[in-house]
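Trainee: The structure under discussion is supplied below as structure tokens; questions concerning it will follow.
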Amino acid sequence: MHPAPSVIIFTSFSGLGFGMLFWLGLGMPGSTGFTAFVFFTVAYLLAVGGLLASTFHLGHPERFFRAFTQWRTSWLSREAWTSVVTLFLMAAYGAGLVFLGTRYALLGVIGAALSMLTVFTTAMIYTQMKTVPRWRHWTTPALFLTLSLGGGALLAGQVRFALPLLAIAGTLQLLAWIGGDKRLIQSGSNIATATGLGNLGTVRAFEPPHTGTNYLLREMVYVVARKHATRLRLIALVFGFGLPIVLLSLPFSHIWALLAVLSHVAGLLALRWLFFAEAEHVVGLYYGRRDAGRA
């Protein structure tokens with residue numbers, strides 16, 4: 001089983017899109033007219049495309065509007081609201097740059113702040129999950145934000161910001177992996193806590209709960225062999241951070257910049273695949289799948 005492509009695309013592309021909108025909102029670059037149109041088009045294709053991809057991950061995509069009704073308690077609902085408000089606000093800001101050649105600074109700053117708030121709400125959807133100890137850590141929102149800011153700076157041509165942000169994001173990713181690999185064990189969860197039968201004595205699985213698959217197994221329990229995970233982590237680090245930093249450090253060239261963008265996107269997709277594939281949801285304990293891919 002593998003993580004759904006739709007959720008990988010959503011978390012990767014929407015983060016890049018809103019990160020790009022952040023820099024555009026701050027006037028970086030300060031383009032107007034057709035050039036501004038190109039920048040905003042790329043940002044919206046990524047942000048809106050990522051959000052649309054997320055709807056395919058819903059059990060009933062036709063009911064997506066219900067995501068807007070639980071904003072008091074649901075991070076998913078807060079993400080829906082902040083993303084829509086941000087996109088409408090930045091559309092008005094972008095229209096001023098494209099059609100009037102005027103930058104409405106206050107509107108841009110508010111839009112930039114909302115862009116990052118949108119990325120934060122996305123991160124909190126995963127961070128607040130007690131059932132995934134690997135995600136329930138401050139490195140999750142920190143990574144979402146720095147990756148969005150770094151990737152957005154790269155796409156917006158802000159090399160002086162992209163370089164340190166990508167370096168910080170790479171360091172955070174290493175910390176997340178080092179700590180995350182131990183977090184399920186440190187949580188104290190086991191088959192006894194998963195079944196609630198620990199008070200009766202030693203608990204072990206006699207046989208699987210059922211012979212077929214189900215939604216929980218498809219969506220929450222993945223198996224990643226240690227050797228494959230290590231290889232993918234190396235690929236993600238090299239393409240997501242190492243190669244872009246090297247290319248951006250060279251004398252500026254549009255070819256180097258394009259290669260840096262393509263490399264970062266490829267690395268980011270690998271990072272997101274690992275983010276979900278290595279989640280180690282505690283439901284795997286109930287099905288006897290705990291740490292199955294790292295034995």
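The values are calculated or read from the model by the stated rules, or taken from the named source; none is laboratory data. Owing to the predicted nature of the structure, the values given are computational and were not obtained by experimental measurement. FYI the Cβ positions are ideal-geometry reconstructions off the backbone, even for glycines, and counts take in every protein chain you see. Accessible surface is based on the protein model in full, side chains and every heavy atom, while ligands, DNA and RNA are left aside. Shrake-Rupley method; radii C 1.70, N 1.55, O 1.52, S 1.80 Å.
Trainee: Could you order 132, 85 by accessible surface area, starting with the largest, using a probe radius of 1.4 Å? Numbers along the way, then the final one.
Mentor: Details: 132 0, 85 70 Å².
Reading off the accessible areas and sorting them downward yields 85, 132.
Trainee: Using only protein heavy atoms and a 1.4 Å probe, report how much of residue 145 is accessible, in Å² to the nearest 10.
Mentor: Number for this one is 50 Å².
Trainee: Give, in whole angstrom and from largest to smallest, the semi-axes √(5λ) of the equivalent ellipsoid of the stretch 77-172, with λ running over the eigenvalues of the Cα gyration tensor. Write down the numbers at each step before the final one.
Mentor: Numbers: eigenvalues 155, 70, 11 Å².
The answer is 28, 19, 7 Å, longest axis first.
Trainee: Not counting ligands, DNA or RNA, and with a 1.4 Å probe, what is residue 93's accessible surface area in Å² rounded to the nearest 10?
Mentor: Residue 93 has an accessible surface of roughly 0 Å² with all protein chains in place.
Trainee: Accessible surface of residue 84 in the full protein assembly, 1.4 angstrom probe, to the nearest 10 Å²?
Mentor: It works out to around 50 Å².
Trainee: Okay, moving on. Say R0 is 51 Å: what FRET efficiency, to the nearest 0.05, do residue 253 and residue 200 get from their beta-carbon distance?
Mentor: Details: r = 67 Å, r/R0 = 1.32.
Efficiency for this residue pair is about 0.15.
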